[in-house]
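Q: Attaching a single structure in structure tokens format; questions to follow.
The values are calculated or read from the model by the stated rules, or taken from the named source; none is laboratory data. The structure displayed is predicted, hence computed values, not measured ones. Here the Cβ is made from the backbone with ideal geometry for all residues, glycine too, and neighbour counts use every protein chain on show. These area figures cover heavy atoms from the full protein model, side chains too; ligands, DNA and RNA do not enter into them. Shrake-Rupley method; radii C 1.70, N 1.55, O 1.52, S 1.80 Å.
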Amino acid sequence: MAASKKSDIKEKSHDKTNGSLPEFTREQELVALRDMLLIRRFEEKAGQLYGMGAIGGFCHLYIGQEAVVVGMQMTLKKGDQVITGYRDHGHMLACGMDAKGVMAELTGRHGGYSKGKGGSMHMFSKEKNFFGGHGIVAAQVPLGTGLAFSNRYRGNDFVSLAYFGDGAANQGQVYESFNMAELWKLPVIYVIENNRYAMGTSVTRSSAQTDFSKRGISFNIPGKQVDGMDVRAVKAAGDEAVAWCRAGKGPYILEMQTYRYRGHSMSDPAKYRTREEVDKVRHDQDPIEQVRNRLLAAKMSEQDLKAIDAEVREIVNAAADFAQHDPEPDAAELYTDVYR
């Protein structure tokens, strides 16, 4: 029996979302397009504000990776939880957090989600079940496992999504979490956002096993490689993983093969890859353009698509305006929300 289980797990770990994908309805395509455009335009504006000096400290943009979080969010229901690392603005927006509150936190204003005290990497929303933004590499993985433990302890059928990158995948606490999650059959999906370069080193130079979907084999955790640039592939894999967790079968690993167009952070010149490589991914695989092209092929007008983009830009511009004019937190805020 044990041998059969291992064989099944190994087969699942080798699985990859190739071949035909379930087609999206027109409504799903429009939701995906708008949500990905919101993230893209928000991040572009954040980059501009950083360049102007309105945003200080660290700022890690999500441009290019939008399909991952948007596709996964389409698989969840109210009550499911999300936790991630420091490239987190896109995850917040996908969870339904207000663009004004996110941008105001970036500029350190009182109207930000952490009252201007957390900045880019530390925002939370209990209302939206978003548990951060974490600046310590891989720190969110055991925390996300803990969220899953709380769900199992309470006997509900909620699922926890723990996002982390290819660089964080080599941290020891990740494997301690894998072991605990499988032992206790915790409903957690480990979403590895493999953007190929971590902080600036290619996975081929930094990881002995570059197929991250196999990282759970020794713990009997199934895994799948997913085209993280295609929102349909992400949702299809996410549906399968969510169903696995809700059925009480334990954790699941999804390796999202994606790509960030900007450097690791705003201070990274990204000289470890060529401009030609970035341009090729933009041209051939851009997640937003894929949806846009499908809608055009389905006879949606260019004018209607431009109207969606204009609506999104209006939201982002309003958020940027709010984030630059909202007052800074009072000095007394230094002493609030602190454990003593």
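Q: Over the chain, with every protein chain in place, what whole percent of the accessible area is carbon and sulfur at 1.4 Å, could you tell me?
A: Ligands and nucleic acids excluded, carbon and sulfur give 52 percent.
Q: Mind ranking TRP244, TRP184 by accessible surface for me, highest first, 1.4 Å probe?
A: TRP184, TRP244
Q: Could I ask something else about it? Quick one: dipole size for the chain, taken about the Cα centre, charges +1 on Lys/Arg Cβ and -1 on Asp/Glu Cβ, in debye to the nearest 20.
A: The calculation lands at about 840 debye.
Q: State the Cα centre-to-centre distance between the range 278-307 and the range 18-39 in whole Å.
A: Taking the Cα centre of the range 18-39 as reference, the centre of the range 278-307 is 11 Å away.
Q: I would also like to ask the following. Could you do me a favour and compute the accessible area per residue for the chain, 1.4 Å probe, result in Å²?
A: 46 Å²
Q: Now for a different question. Simple spin-label model, 7 Å along Cα-to-Cβ: GLU27 to ASP337 in nm?
A: 3.6 nm
Q: Which value at 222 nm does the chain reach when only helices count, each DSSP H run of 4 or more adding -39,500 (n - 2.57), with the total divided by all residues and rounded to the nearest 500 deg cm²/dmol?
A: -14500 deg cm²/dmol
Q: Enter the Cα centre distance for the pair the range 129-151 and the range 221-266, rounded to the nearest angstrom.
A: Using only Cα atoms, the two centres lie 17 Å from each other.
Q: Treat every Asp and Glu Cβ in the range 242-340 as -1 and every Lys and Arg Cβ as +1, leave all other atoms uncharged, and give the resulting dipole magnitude about the Cα centre to the nearest 20 debye.
A: 720 debye
Q: Heads up, I need the accessible area for HIS134: 1.4 angstrom probe, whole protein in place, Å², nearest 10.
A: Surface open to solvent at HIS134 totals about 30 Å².
Q: Something else now. By the gyration tensor of its Cα atoms, with a ≥ b ≥ c the square roots of the eigenvalues, what is the shape of the range 185-340: rounded for a/c under 1.5, prolate for a/b over b/c, or oblate?
A: Judged from the Cα gyration tensor, the range 185-340 comes out rounded (a/c under 1.5).
Q: Among the chymotrypsin sites (Phe, Trp or Tyr not before Pro) in the range 282-340, which ones are in a DSSP loop with at most 12 other Cβ atoms within 10 Å of the Cβ? Mind listing them?
A: TYR339
Q: Now, a different point. Using only protein heavy atoms and a 1.4 Å probe, report how much of ASP98 is accessible, in Å² to the nearest 10.
A: For ASP98, the solvent-accessible surface is approximately 80 Å².
Q: Taking all protein chains together and a probe of 1.4 Å, list LEU183, LEU147, LEU254 from the most accessible to the least accessible.
A: LEU183, LEU147, LEU254
Q: With a length cut of 30 Å (Cα positions projected on each helix's long axis) and a Kyte-Doolittle mean of at least 0.0, go through the chain and give me the DSSP H helices that pass.
A: For the chain, where a helix must reach 30 Å along its axis and average at least 0.0, there are no hits.
Q: With unit charges on the beta carbon (Lys/Arg positive, Asp/Glu negative), name the residue among VAL70, GLN290, MET180 whose Cα is farthest towards the positive pole of the charge dipole of the chain.
A: Positive-most Cα among the choices belongs to MET180.
Q: Out of GLY51, GLY144, GLY165, any idea which swings most in a Gaussian network model of the chain, alpha carbons joined below 10 Å?
A: Maximum among the listed residues: GLY51.
Q: Filter the GluC sites (Glu not before Pro) in the range 63-155 to those in DSSP coil with at most 14 other Cβ atoms within 10 Å of their Cβ, and list the result.
A: Listed in order of number, the matching sites are GLU127.
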